[in-house]
Amino acid sequence: MKESPAKRDDMKVQQIKRSPMKRRRTLDSSPLPSSVFDQVPTDVLRSIIKKLSFIDVVQAKAVCSSWNLVGEELVSRMPWLMLPSKEEVEEGDDADARNNGYNGFLNLGENRVYNLKTTPKEFRESCCIGSSHGWLVFLEQKAIPFLFNPFRQVKIQLPPVDRLLGLKRMERKMNGEYELDYFEDYKKSCRFWFKWCGKQEVRARFIQKAILTGKPDSNNGNYGLVLLCNSGEEIAYYESAGDNSWTVIDVSHAPYQDIICHENNLFALGDKNSVEVWDLQQGRAGITKKSDIVLPIPDKLLAKEDSVKGLCSSRFYLVESCGDLLLVVRFIGDYVDRVYGTLQREWDCYNDYCTISFHVYKLDCNGRKWVEVESLGDHALFLGGNQSVSVSTDSFSNCEKNSIYFTDDNWERMEDDLLYGGHDMGIYNLKDQSFKSIYEFSSAGIQPPPCWILPPALLEP
């Protein structure tokens, strides 16, 4: 695979399974003053720009203000997969893997990677704990979270979560590990605690998911951030218009598997068979529980779990799609043969954990039960360490309908052995139950694990 010489600011472009571009192009997305180009009808301009590559769209944005607006509309509707440096993953020292940082962005519409010339400090020295509304959520040492928009290079500092997580001290060392110390009350209440942890252990033990309730760059500027934390036992909420503190929400069915926000409502999936909903419309001071439903586990799910007992683990996701609330169950083989894809009962050098299938159900509110979904229609689901979302495949090219795009979020297994982890990603077709790869590394140990970035415009009808 050869690098393309094309550049955009500090980014260089790398094309997958295509010939490299033949000439160097310097990209500048700053729009020029109004001109005759502004007179091109919007519908005509939109139809033309849709046929351009991403690089050409960026160049077109520089022509004039109207072209910039149409180009921005298109760029913001593309899903991205954030990747670590391929060179660091495949040629680097495993002992230094925790110091790797995100360095590239795979554009699914073009099947092309845009590599950063240099890895931002935020990507290398902090732990990514979430992706929501086109923003990344990181946790840096001293247990201070922040939002980061990788395309606009905007950083928003958030209040510390040290007290929330019981951490008296969280200090990053040269090898990329964190040295921890705890408040005494936390030590007394917690049966297990440890002095050292890697980045993915931060996800496993402290913050499992972070999602936004709105866009930080919206006109009113007000947004909230919700954390699923402390091994899924607690849910905490921060509001930008509040008093710079975190509120722990009163919950009933911990530990929780997943959380999502939709139309100022917070949904939490508790231990497979319950869904709690809170109204966030009134802000932090007025959080109220709207419903609390305990549902029977579907027979098909019970049968599947029984058939793979001792061979598989499961992960559960909530997704809002076309007005329906979906439950997605991901079955992960503990040890799967890399060549034949068969389940094994013990580890050897030829197998590692791997996703083997998915089930999808939707909530029947009247019948108070989960009903199997056989097809997602023209939609695709994006799952992993990001906020779980559903998108219309009509919005962009090269996206397969009725499919699940997934990345590795098996945080508990990633730090067991740095020789693997982050590798469990792909595309699952719900109709024929087949798998395809998204992006391949020659190493099974991918640190940090790839993560989806889905701009908010992509999620709009």
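The values are calculated or read from the model by the stated rules, or taken from the named source; none is laboratory data. Computed from a prediction, not measured in an experiment: that's the story for all the values here. Please note: Cβ atoms are built from the backbone with ideal geometry, for glycine as well, and neighbour counts cover all protein chains shown. Just the protein is used for accessible areas: all its heavy atoms, side chains included, with ligands, DNA and RNA removed. Shrake-Rupley method; radii C 1.70, N 1.55, O 1.52, S 1.80 Å.
Hey, can you find the accessible area per residue of the chain for me, probe 1.4 Å, expressed in square angstrom?
Numbers: 21150 Å² over 461 residues.
That works out to 46 Å² per residue.
Residues with beta-carbon under 10 Å from that of Val277, excluding Val277: net charge, scoring Lys, Arg +1 and Asp, Glu -1? Present the calculation step by step, with values, prior to reporting the outcome.
On the way: positive: Lys289, Lys290; negative: Glu276, Asp279, Asp292.
Around Val277, the surrounding residues sum to -1.
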Task: Spatially close lysines, pair count over the range 271-352: Cα under 25 Å, gap of eight or more or interchain - done: 6
TODO: Determine, for each peptide in 243-252, 260-269, the mean count of other beta carbons within 10 angstrom over its residues, then list the peptides with the highest first.
DONE: 260-269, 243-252
Task: Reachable aspartates and glutamates from Lys436, criterion Cα separation under 15 angstrom, eight or more residues apart if same chain - done: Glu400, Asp408, Asp424
Open item on the list: Going by average Cβ density within 10 Å per residue, which order do the peptides 168-176, 403-411 take, highest to lowest?
Closed with: 403-411, 168-176
TODO: Mind jotting down a quarter of the surface of the convex hull over the alpha carbons of the range 242-369, in square nanometres, one decimal?
DONE: 10.5 nm²
Open item on the list: Around Ala380, under 12 Å between beta carbons, what's the net of Lys plus Arg minus Asp minus Glu among the other residues?
Closed with: -2
Task: Rounded accessible area of Lys121 (nearest 10 Å², 1.4 Å probe) - done: 140 Å²
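Viscosity 1.306 mPa s, temperature 10 °C: what is the translational diffusion coefficient of the chain from Stokes-Einstein with a Kirkwood Rh over Cα pairs, rounded to a whole number of µm²/s?
Values: Rh = 23.2 Å.
Calculated translational D: 68 µm²/s.
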Task: Debye intensity ratio I(q)/I(0), log10, the range 338-461, q values 0.10, 0.16, 0.18, 0.19 Å⁻¹ (C-alpha model) - done: -0.38, -0.90, -1.07, -1.15
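Write down Rg/Rh for the range 304-346, rounded to two decimals, with Rg from the C-alpha atoms and Rh from the Kirkwood relation over Cα pairs.
On the way: Rg = 13.7 Å, Rh = 12.0 Å.
Ratio value, two decimals: 1.14.
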Task: Mean residue ellipticity (222 nm) of the chain, computed from DSSP H runs ≥ 4 via -39,500 (n - 2.57), nearest 500 - done: -3500 deg cm²/dmol
- [ ] Would you mind putting 423-429, 302-308 in packing order, based on average other-beta-carbon counts within 10 Å, highest first?
- [x] 423-429, 302-308
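Taking K and R as +1 and D and E as -1, what net charge do the other residues with C-beta under 14 Å from the C-beta of Thr342 add up to? All intermediate terms of the calculation are to be shown ahead of the outcome.
Details: positive: Arg338, Arg345; negative: Asp334, Asp337, Glu346, Asp348, Asp352.
So the surrounding residues net to -3.
Averaging over every viewing direction, what projected area does the convex hull of the Cα atoms of the range 127-227 cover, in nm²?
6.8 nm²
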